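Note sheet for the following structure.
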Amino acid sequence: MADLVLGVGTSHGPLLNTPPDDWGLRAAADRANPALVYRGEEYPYDELLALRAPGFAAACEPDARRSRHTACRAHIEELGRRIKAAELDVLVVVSSDHKEVFGDELLPQFAFYWGDTMRHEPFTQEQLDRMKPGLAVAEVANVPAVGTVRAGDAELARYLIEHTSAAGFDPAASRELPPGEWGNSGIPHGWGFVFEQVLGGGEAPPTVPVFVNTFWEPNPPSARRCFDFGVALGEAIRSYPRDLRVGIVASGGLSHFVVDEELDRAFLTALTGRDTGHLCALPDAVLRSGTSEMRNWIVVAGALQAPPLQAAATPGPAVPGASVPAASPLAAELIGYEPCYRSEAGTGCAMAFMTWQADSLPDTAGSGEAS
């Protein structure tokens, strides 16, 4: 049977790949945004600034930004070290598509890519020039310099599709990614960040991409639905009848484009304390805009909930996948939390980095406490 040996949560916001002195490039878009989402409500910039007075000017000072950026880069490096130390056979990466691949023709709540390989393509200069201010410098860091073919695991992916379907979900199955926004059928930035930033752009374990529609109306899944899907996903992985060491990654989040430290810290406490009730009770109104990517972490939290031993439903010879082996919960460790502000009204991206694993590895990134 496969063994789910490592869980990872990582933010992938553009400020991580942007020199801190350039964080203000995205703040211009925030000031022009008439619908900044904060705690389920929409505000123009000036109203948000008044609501959050006295504001976050100190957190936007150059030294503060540099300190946060340096800490984030150290946390990313530590995640990569832990993934490599786990000696994984397969990596399952759960992330959200920003209509880079799936568009209004079809927006699945959950989707698996089950090809043998996937394309990871660089941007053309024309594509970079078309990006909104402050995004090109970040997005170019999530793609390779030349077109690259990444390995998938079609057999495992198909098994996960079949078993989550049998558990009552209806995931979409994509064996060939659509051309998407950039016309190249490449894997998008939620996965590219893991390949290029966390793993350093070199060889990566064969990867099964899992898409969650975190952003787009009318069908983003509820927090409860995400957790339950994650439980089904974790049980499917553990019942897979091959001896594999599997890791699972949540890519995206936490609160953005308006940072809400109170929301984030309660969420991280619920993750480390396995507070399923808190995770499942997060309302749809809060899980909007960039903050919606918390759904990816909720899926992974569900997958890492250790299931009880489930005997086969009917007597008879053993059938591969008919029972799920008992597993001990993996211990959650917060490597770091860095609220990265780019404007006085509190816009920006809150960055978090976490692992779940059975045995602690040497911590080279610091104390593991939230910053």
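The values are calculated or read from the model by the stated rules, or taken from the named source; none is laboratory data. Keep in mind that what you see is a predicted model, and the values were worked out from it rather than measured. Cβ: placed from backbone, ideal geometry, glycine included. Neighbour counts: every protein chain shown.
Worth pointing out:
- All of 213, 219 fail the test of being crowded, with 17+ Cβ neighbours inside 10 Å, of a type outside the set (D, E, K, R) and at pLDDT 95 or above, apart from 213.
- Taking the criterion of being without any contact (Cβ under 8 Å) to a residue 24 or more places away in the chain and part of a strand (DSSP E or B), no residue of segment 116-133 qualifies.
- Against the conditions (1) free of Cβ contacts under 8 Å to residues at least 40 places away in the same chain; (2) farther than 29 Å from residue 224 by Cβ, residue 104 satisfies every one except (2).
- Test: residue in segment 80-97 that is modelled with pLDDT under 95 and either under 19 Å from residue 208 (Cβ atoms) or over 24 Å from the mean Cα position of the chain (by Cα) (or both): yes
- Considering 111, 151, the condition of being at pLDDT 95 or above, surrounded by 18 or more Cβ atoms within 10 Å (Cβ to Cβ), out of contact with any helix residue (DSSP H, G or I) (no Cβ under 7 Å at 6 or more places or on another chain) and at negative phi is satisfied by 111 alone.
Per-residue answers, yes or no, for (1) modelled with pLDDT under 95; (2) over 28 Å from residue 84 (Cβ atoms):
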site: 134; (1), (2): yes, yes
site: 167; (1), (2): no, yes
site: 191; (1), (2): no, no
site: 205; (1), (2): no, no
site: 238; (1), (2): no, no
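- Selection of segment 44-91 for residues being within 30 Å of residue 1 (Cβ to Cβ) and either part of a strand (DSSP E or B) or in contact with an Asp or Glu (Cβ under 9 Å, 6 or more places away or on another chain) (or both) yields 78, 89, 90, 91.
- Within segment 314-371, the set of residues being part of a strand (DSSP E or B), modelled with pLDDT of 95 or more and touching a Lys or Arg at 6+ places or on another chain (Cβ under 6 Å) comprises 338, 340, 348, 355.
- Among all residues of segment 224-237, there is at least one that is among the basic types (Lys, Arg) and within 18 Å of the chain's Cα centre (by Cα).
- Residues in segment 29-58 that are of a type in the set (A, V, I, L, M, F, W, C) and buried (at least 19 other Cβ atoms within 10 Å of the Cβ) were compared, and the one that is nearest to residue 342 (Cα to Cα) is 56.
- Restricting segment 260-309 to residues that are of a type in the set (Gly, Ala, Ser) and part of a loop (DSSP other than H, G, I, E, B), the residue that is nearest to residue 8 (Cα to Cα): 306
- Flag if residue 105 is acidic (Asp, Glu) and surrounded by 15 or more Cβ atoms within 10 Å (Cβ to Cβ): no
- Options 3, 46: the member that is of a type in the set (D, E, K, R) and touching a Leu at 6+ places or on another chain (Cβ under 9 Å): 3
- Residue within segment 254-270 that is more than 30 Å from residue 59 (Cα to Cα) and surrounded by 24 or more Cβ atoms within 10 Å (Cβ to Cβ) present: no
- Of the strands (runs of 3 or more DSSP E) entirely within segment 141-254, those holding at least 3 residues that are over 13 Å from residue 94 (Cβ atoms) occupy 148-151, 172-174.
- Scanning segment 89-102 for residues that are of a type outside the set (S, T, N, Q), crowded, with 16+ Cβ neighbours inside 10 Å and within 29 Å of residue 340 (Cβ to Cβ) yields 91, 92, 93, 94, 97, 98, 100, 101, 102.
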